[in-house]
1. Compute the signed sum of charges (Lys and Arg +1, Asp and Glu -1) over the other residues within less than 13 Å, Cβ to Cβ, of Lys544.
2. Taking the highest mean first, how do the peptides 28-41, 152-165, 532-545 order by number of other beta carbon atoms within 10 angstrom per residue?
3. Quick one: grab the alpha carbon gyration tensor of region 132-182, order the square roots of its eigenvalues as a ≥ b ≥ c, and give me rounded if a/c is under 1.5, else prolate or oblate depending on whether a/b is larger than b/c.
4. Give me the accessible area of Arg304, 1.4 Å probe, in Å² rounded to the nearest 10.
5. Given a Förster radius of 30 Å and the C-beta distance between Ala28 and Met199 as r, what FRET efficiency does 1/(1 + (r/R0)^6) yield to the nearest 0.05?
6. Quick one: of Lys269/Lys391; Lys511/Lys582; Lys61/Lys313; Lys31/Lys204; Lys511/Lys533, which pairs are farther than 27 Å apart, Cα to Cα?
7. Determine the shape class of region 349-439: with a ≥ b ≥ c the square roots of the Cα gyration tensor eigenvalues, call it rounded for a/c under 1.5, and otherwise prolate if a/b is greater than b/c, oblate otherwise.
8. How would region 512-593 be classified by its alpha-carbon gyration tensor: rounded, prolate or oblate, with rounded meaning a/c under 1.5 and the a/b versus b/c comparison settling the rest?
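The values are calculated or read from the model by the stated rules, or taken from the named source; none is laboratory data. Because the structure is a prediction, the values reported are computed rather than measured. All Cβ positions, glycine included, derive from the backbone under ideal geometry; neighbour counts span all protein chains shown. Accessible surface is based on the protein model in full, side chains and every heavy atom, while ligands, DNA and RNA are left aside. Shrake-Rupley method; radii C 1.70, N 1.55, O 1.52, S 1.80 Å.
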Amino acid sequence: MTHTTFKISGMHCASCAVNIESELGKLAGVKSANVNYALGNAAVEHEASVAEHDLHAVVHKLGYQVATGAQDEHAHHAQGATAFRRAAFSLALAIPAVVFAMLGIWGWAQAILGTIVVLGPGMEFHRMTYQQLKRGRANMDTLITMGTLTALAFSWWQFFAGGDLYFEIAALITAFILLGRFFEARAKGRASAAISRLMELGAKMAHRMGGAEGAEGTEVEDVPVESLKVGDRVLVKPGEKIPLDGKILSGESSVDESMLTGESMPVGKRAGDQVFGATVNQQGALEVEITAISGNTVLAQIVRLVETAQQQKAPIQKLVDKISGVFVPIVIVIAAGTFAVWFLLTGEVSTSFIPAVAVLVIACPCALGLATPTAILVGTGRGAREGILIKSGEALERNRHLDVILFDKTGTLTEGRPTVTDAQMTPESLSLVAALESSSEHPLAQAVIRYAREQGVPSRSATNVQSITGKGIEGLVEGRSVRVGSPVFMNLPTTTGELGSMVDAWQGQGKTVIIASEGDAILGALAIADAPKAQAKAAVSELKRMGREVVMVTGDNRKTAEAIARELGIDQVEAEVLPGTKLEVVKAWQAKGKRVAYVGDGINDAPALTQADLGIAVGSGTDVAIEAGQIVLVGGGPEKVVAGIKLTAATYRGIKQNLFWAFFYNVVAIPLAALGLLNPLIASAAMALSSVSVVMNSLRIKRAKI
């Protein structure tokens, strides 16, 4: 199967999207079609034998246009400008017509002005109506055409027969709806701006370095980023954007990665570290080897994830589509029934005509069609800026009524690597220990070396180093005999003395303790653990305040696991869990009737993420495109889990609010119009505002507190 996505222009309501989707689905070889009204595009899954031209032909036959790439961007701006000109021209003619009607003068002027508006700027409605009627379909344009042409034709008949004229109604209805479409287009543009801004973040040019690596006088040439290949070396000066993903060959700096992770603090980088395209080098110059071409970078992956999420429909949207598919025919029937009932009651065509037109122009399937996709547009766009990637509309619904949050400990609640958490040792002694440990590749040794570097102690060299497996290490540091190892290996009397009491306390907290000595003299002790992330405790507290149970899942022994859980404020622990049994832990909690969210790193936790009601995968930046999980968090700590849950909740809340008002508007407005309680002018203004109000409500998600 092949996936094809393309832009569609000319859609004016949800019914348009449903009609196109239906026709594309009928094409032989097409497995599924998804047309998104808010985005203005179609995503089609089809057999390779179906050419993209065949898909475009279906759209063209229905009266819509297909645009791609720069054409679409140009078309979008052109349509906005055209909509504004049409609305302004219509209002300029309609307002005098209304004034003349109120004064009861110049019927011929009313007729000319009204006719120009309805058959001039309003012709786009009639043209689309004709295209739809040829195929036995109807959409929003059908309702507008029926309302305005009926008012125009009836007014001309009255003009010659002598009676009330309604030219100003036909003109002002057209003007209001054109104005509403202009405002709607602007609001939709604001809602969908996130992807455009993400794509614009990338660097345009790069300083490519020529010559042999490390050669003096290396030439540097400025080239477009698109021309870079894997293996090319580029120079990134302070303040410049890193052109593409790569590995630092030389240089040291701090890099602003906020556009990927949402984290404001810059990240320290040195030779060997990974850097990502579109992030900003802040201080020193860097020489970077390109590891991913344009289109395969982390930023490109994020853009694709967000685009896919925005294209997909939330499950609740399927119900809305069914309603939108029959909405227009039902409104036409109601309008006809309204005219018939009023005519039976009054016997007057003029009196019966007004409420029937009001029914036609007040009905608004646009608001229904915009309710869900615009909220998803804004929610996913905001999430992308903050490193929270909502992969589907389904994730929004899965977030409802969560009972339990299961956290995989390592790398999620904790840093994922051993870190010195406590020290009882002088800088002099620490430098001796670090010198000895620099000969070891053991994770605990690396933790000591990092700690010594952070403390700024001087580096020394060690000789005659010997490692005693599972116990410790010993050797000479500048002629001094130094040993480092476990309390048992070092024969430390842990039950006596201040140091012994401290070691007992550290071990009680589940930490690994190492003792250092020079000859027979104890130099001090270090406690090493997989340290909790800075915001872990606050995140757990906030989740509990939100009414969620928090459970830690870990392979650690129970004593160590419970010590870490106590530190974080977690009451329940699933300890000694093997990597392959995390799935069973999720199932066990679900068997208790709980709705479960699982938070893991997205690789070895994939089965558990998939099984959970909501899978939240934590990405490091290099693996953001992981398949497991409905939400992917790029960078950050557990606090981002809280933000992700709050953002999805705010987005789904926006969807529900939009749908409520869209349904409420139509359910209340149509009967009021049928009862003759709404003038067609008021009805057309209300219809135009209803769609805009739905989009503006969606835009509130940008400011939601998360």
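1. Local charge sum for Lys544: -1.
2. Per-residue mean Cβ counts within 10 Å order the peptides as 28-41, 532-545, 152-165.
3. Because a/c hits 1.5 or more and a/b fails to exceed b/c, region 132-182 counts as oblate.
4. Its accessible surface works out to 110 Å², give or take rounding.
5. Result of the calculation: an efficiency of 0.30.
6. Lys269/Lys391; Lys31/Lys204
7. prolate
8. The shape class here is oblate.
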